[in-house]
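Written below as structure tokens is the structure these notes are about.
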2 protein chains.
Amino acid sequence: MSNATLTRHPAQPAAVGGLDLARRFARSARVTDSWVTSNDHLDTWLAEQHRANRFSVTPIPFSGLRGWRFRPGTGNLTHDSGRFFSIEGLHVRTDFEGGGDWSQPIINQPEIGILGLLVKEFDGVPHFLMQAKMEPGNVNTIQLSPTVQATRSNYTGVHGGRPIDYLEFFTDRSRAAVLVDVLQSEQGSWFLRKRNRNMVVETTGEVPEHPDFRWLTLGQIHRLLQRDNVINMDARTVLSCIPRLPDGDGTGDDPDRYRAALRASLSPSVWALHTDAHILHWLTDLKSRHEMVQRQDGLDTVKGWHRDDHQIAHESGRYFRVIATEVHADNREVPAWTQPLVQPVERGVSAFLTRPIGGVTHLLVHARAEAGSRDVVELAPTVQLQPGNYAGLPPERVPRYREEALRPDPARLRYDTVQSEEGGRFYHAENRSMIIDVGEGFPLETPPEFCWMTPRQMSALLRHSYYVSIQARSLFAGLLSLA
Amino acid sequence: MSNATLTRHPAQPAAVGGLDLARRFARSARVTDSWVTSNDHLDTWLAEQHRANRFSVTPIPFSGLRGWRFRPGTGNLTHDSGRFFSIEGLHVRTDFEGGGDWSQPIINQPEIGILGLLVKEFDGVPHFLMQAKMEPGNVNTIQLSPTVQATRSNYTGVHGGRPIDYLEFFTDRSRAAVLVDVLQSEQGSWFLRKRNRNMVVETTGEVPEHPDFRWLTLGQIHRLLQRDNVINMDARTVLSCIPRLPDGDGTGDDPDRYRAALRASLSPSVWALHTDAHILHWLTDLKSRHEMVQRQDGLDTVKGWHRDDHQIAHESGRYFRVIATEVHADNREVPAWTQPLVQPVERGVSAFLTRPIGGVTHLLVHARAEAGSRDVVELAPTVQLQPGNYAGLPPERVPRYREEALRPDPARLRYDTVQSEEGGRFYHAENRSMIIDVGEGFPLETPPEFCWMTPRQMSALLRHSYYVSIQARSLFAGLLSLA
């Protein structure tokens, strides 16, 4: 079964609401090239964007930050406006998975941003308006972001920048219909209970063109998800929340058996090892039996972390650093600024193990507790770690399934790319992102913090907030790109 | 259409799993008397429980508390074990509904308790094992609680009390099947992000008898929900989470048109004014556009509240008081103890307005921000207030629909009882709880913080955590008791 290419047809009315939403998205996923933005043009345009957008990110001492300062009394690093975000201290005590008692710097950003994708049909196929966006922390300057990626500070104009393009489609209900609108968490190890608004809206009206934006089908986006660092984190999380169904077009005949099984496993009637009710029970049980006590306190009170003029770092050299940077860019709301960024000390590893159970693809999901979690745990990839954090630890403290992810069998790697965390807060933060098909020989028995579930079950949970972590959502977008 | 009475039949196997769960509960709701515990016996037993369980709750000075003290430095009132709960300070800033900036005492209890109902079929009808339970804050000593009502401190034995009866059915999966298991929030005005585990489990095995426990059908429980202060708050919240469907037995013929419409509105295929997706969007939009910034600090830092030997109270005399009590009781895990309790200064009012829209019953739901909310707002009753809090305020600060609830038309009152808050933390905390059928003439237009939704939509949200507030769940249990 080949993928489809969308060529120009006479204009026809968009079948908004007439077809089932999930099936319409499945159809868009099958269209891997489109006259609206051809793949050839897309690659050229992306290369041009990288060439044209010069910028520099320079580490500076904290004293060089403009508008940011360490507050007397707490030591918290905050902006003079009281907005944006601050770096504070967090003390954590938990008995989850061996437990722990530690303190660390954490980003506190109570306000909710919009990560919004605008959809419009061309010749009956939904296309998504993607933005070539520069973020200071990106290893490659520019990645493709959702149509709108705006903090509340952005869209209320606190920083005095330019208005956000296309924001009106997300804030004015006469302009577009809401297809997805859900709050989802951000990185729990670095953010205190942070969440963003994941939106997909669809318009049938006129949408002005803009040189930094292009319309892509889901199939074209999936193609880009096979590459390193093209689709940014904010786009991946919104993509993961899009309802998906098999499009029923002969999926059983696909010569790629992994893909055929994955497609079939998106069917609402598909069998699953565990009922939906069991999964909710498993998660409630873990949250209830364990404690996660978070106490906010000044950055000055965190133990084991040291601050000098250029960084706040852990005495072991592990985890992450807080640094200050000066940013110069052409293609940004404001021409130059300084800001703190969080820099992990090494590249992370993020992997879902999958296996067929009764012929249905299942993911091995880990209920993971992170310092800034909103409710003890969220569903995370099977493996998510920075390899260096576990050097010298006794075997019982080493994360489960680590060996499968650190030394994967190449023949079983279905997805293997490097993807970035959000470049507005994180500096050169990358994860090797893998889907590993461990096959039917792999043990079904799991430790209590793990559970096998189908992609359909994961997708159903994504309609609601705070079930699925940002790392799991990011990787789930990668899994869906294989379907 | 009359209600059914369950009389003794030859023993038959329980049809566990064979019938749809929600329809089985609907059938239990139709059975308003049962040989297992007849209504006559029930009333006699309840009266006897009230007679037999002597106890006294005496206000004492804070210095008389054993094991509790105000910590130097913060002024927080905590237990020496570090467990149970503590009274701390919370500073809140929000722009929701006119906004505000205040500080107040708040109960901090990070651990999760179990509120669990045990179900067993007798002659094919699900019965619920209810407990006559004494709580120090109850106006009437004893109310009917779920089978198990245990804090984590209780069931891990921190207080050295007796083991919890029937707890094994909720913690040992070989003893019972899980039907409902979901974390739900508690009172946001008095608790910081507190939640409990709402569980319903079903057994087909032997269940030992206990003099303080009785098996009741849902219909019998509904009968008791028409009385003041019989079914306690913990039971009401668990009952609200039970999936419900019309049982299809001629509901259209019911001469009570309100009840007939209410039953029909529980159908999964029933029309609703707003789609489920719209309701999620409405809620996400409110949470995103508004801020709720909570800052924990010592109890000593709250402004406008004063502490003397006997209470912590607001200088205006409004809201609530924190008091210390000494409790003597026979029927309790431990024979005598002292503890702080929170006492509202007056009886509250809690009301859902309902109206038929297109023949389908809709509730007018309010998205309400409370100091200790987990995520800005939860869905609350149309009106929820202490009347005295709004004396002397300008009209724009008075809660919407207040007049409808304070001066309801008696002909439109479908439900009107006094129900208590949880007696383990709250002293004589009662609400007049009302369902008011405002009829088809009532305006459909609402302020942006309000939304009409059907009972089916509310019930679907209750499968997940933190959508529906404790006050809305409590009142929703009352609404379901009318169906």
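The values are calculated or read from the model by the stated rules, or taken from the named source; none is laboratory data. All of these numbers come straight from a predicted model, not from anything done at the bench. Note: ideal-geometry Cβ built from the backbone for every residue, glycine included; neighbour counts use all protein chains shown. We work out accessible area using only protein heavy atoms, side chains counted, and drop any ligands, DNA or RNA first. Shrake-Rupley method; radii C 1.70, N 1.55, O 1.52, S 1.80 Å.
Laid out as a table, the results:
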quantity: Number of positions in segment B:73-86 that are among the β-branched types (Val, Ile, Thr) and surrounded by fewer than 20 Cβ atoms within 10 Å (Cβ to Cβ); calculated: 1
quantity: Out of A:Glu111, A:Glu88, sole residue that is more than 19 Å from the chain's Cα centre (by Cα) and within 14 Å of chain B (Cβ to nearest Cβ); calculated: A:Glu88
quantity: Boolean, A:Glu315 is on the phi < 0 side of the Ramachandran plot, touching a strand residue (DSSP E or B) at 6+ places or on another chain (Cβ under 9 Å) and either within 14 Å of chain B (Cβ to nearest Cβ) or among the aromatic types (Phe, Trp, Tyr) (or both); calculated: no
quantity: Residue ID - nearest to the other protein chains (Cβ to nearest Cβ), chosen from residues in segment A:268-302 that are over 19 Å from A:Leu379 (Cα atoms) and open to solvent by less than 20 Å² (accessible area, probe 1.4 Å); calculated: A:Gly298
quantity: Matching option when the condition is modelled with pLDDT under 95, more than 11 Å from every other protein chain (Cβ to nearest Cβ) and more than 14 Å from the chain's Cα centre (by Cα), among A:Thr141, A:Thr171, A:Thr156; calculated: A:Thr141
quantity: Segment A:91-119, residues that are of a type outside the set (Val, Ile, Thr), within 26 Å of A:Val148 (Cα to Cα) and in contact with a strand residue (DSSP E or B) (Cβ under 6 Å, 6 or more places away or on another chain); calculated: A:Asn108, A:Pro110, A:Gly113, A:Leu115, A:Gly116, A:Leu117, A:Leu118
quantity: Enumeration of residues in segment A:303-338 that are under 18 Å from A:Phe85 (Cβ atoms), out of contact with any His (no Cβ under 9 Å at 6 or more places or on another chain) and crowded, with 19+ Cβ neighbours inside 10 Å; calculated: A:Val322, A:Thr325, A:Val327
quantity: Some residue of segment A:394-402 being open to solvent by less than 20 Å² (accessible area, probe 1.4 Å), at pLDDT 95 or above and either more than 30 Å from A:Thr325 (Cβ to Cβ) or within 14 Å of another protein chain (Cβ to nearest Cβ) (or both); calculated: no
quantity: Which numbered condition B:Val178 fails, given (1) open to solvent by less than 30 Å² (accessible area, probe 1.4 Å); (2) closer than 16 Å to A:Thr284 by Cβ; calculated: (1)
quantity: Among (1) assigned to a strand (DSSP E or B); (2) within 21 Å of B:Thr237 (Cβ to Cβ), the one test that B:Arg374 misses; calculated: (1)
quantity: Subset of segment B:354-367 [under 22 Å from B:Ser465 (Cβ atoms) and surrounded by 24 or more Cβ atoms within 10 Å (Cβ to Cβ)]; calculated: B:Leu363, B:Val365, B:His366
quantity: Residue count, segment A:118-146 (criterion: among the polar types (S, T, N, Q) and in contact with a Leu (Cβ under 9 Å, 6 or more places away or on another chain)); calculated: 2
quantity: Total residues in segment A:280-321, condition touching a Leu at 6+ places or on another chain (Cβ under 8 Å) and β-branched (Val, Ile, Thr); calculated: 3
quantity: Test: residue in segment B:458-469 that is within 22 Å of B:Pro344 (Cβ to Cβ) and of a type in the set (Phe, Trp, Tyr); calculated: no
quantity: Residue list for segment B:433-483, filter: closer than 22 Å to B:Pro408 by Cα and assigned to a helix (DSSP H, G or I); calculated: B:Pro455, B:Gln471, B:Ala472, B:Arg473, B:Ser474, B:Leu475, B:Phe476, B:Ala477, B:Gly478, B:Leu479, B:Leu480
quantity: All positions within segment A:167-189 that are in a strand (DSSP E or B) and not polar (S, T, N, Q); calculated: A:Ala177, A:Val178, A:Leu179, A:Val180, A:Asp181, A:Val182, A:Leu183
quantity: Test set (1) over 25 Å from B:Ala380 (Cβ atoms); (2) surrounded by fewer than 20 Cβ atoms within 10 Å (Cβ to Cβ) - B:Val139 fails condition number; calculated: (1)
quantity: Qualifying positions in segment B:36-67 - aromatic (Phe, Trp, Tyr) and either assigned to a helix (DSSP H, G or I) or open to solvent by less than 20 Å² (accessible area, probe 1.4 Å) (or both); calculated: B:Trp45, B:Phe62
quantity: Residue match in segment B:248-261 (condition: closer than 13 Å to B:Ser481 by Cα, under 21 Å from the mean Cα position of the chain (by Cα) and not acidic (Asp, Glu)); calculated: no
quantity: Matching residues, segment A:451-471, being within 14 Å of chain B (Cβ to nearest Cβ) and open to solvent by 10 Å² or more (accessible area, probe 1.4 Å); calculated: A:Ala460, A:Leu461, A:Arg463, A:His464, A:Ser465, A:Tyr466, A:Tyr467
quantity: Conditions (1) acidic (Asp, Glu); (2) within 12 Å of chain A (Cβ to nearest Cβ); (3) buried (at least 21 other Cβ atoms within 10 Å of the Cβ); (4) in contact (Cβ under 8 Å) with a residue 40 or more places away in the chain: number failed by B:Asp95; calculated: (3)
quantity: Flag if B:Pro448 is within 14 Å of chain A (Cβ to nearest Cβ) and of a type outside the set (Gly, Ala, Ser); calculated: yes
quantity: Of the criteria (1) surrounded by 22 or more Cβ atoms within 10 Å (Cβ to Cβ); (2) away from chain B (no Cβ under 12 Å), which one A:Pro211 fails; calculated: (1)
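So that you can scan it fast, the table gives a plain yes or no per residue for (1) charged (D, E, K, R); (2) farther than 30 Å from B:Asn140 by Cα:
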{"residue": "B:Gly388", "(1), (2)": "no, no"}
{"residue": "B:Thr417", "(1), (2)": "no, no"}
{"residue": "B:Gly423", "(1), (2)": "no, no"}
{"residue": "B:Glu430", "(1), (2)": "yes, no"}
{"residue": "B:Met453", "(1), (2)": "no, yes"}
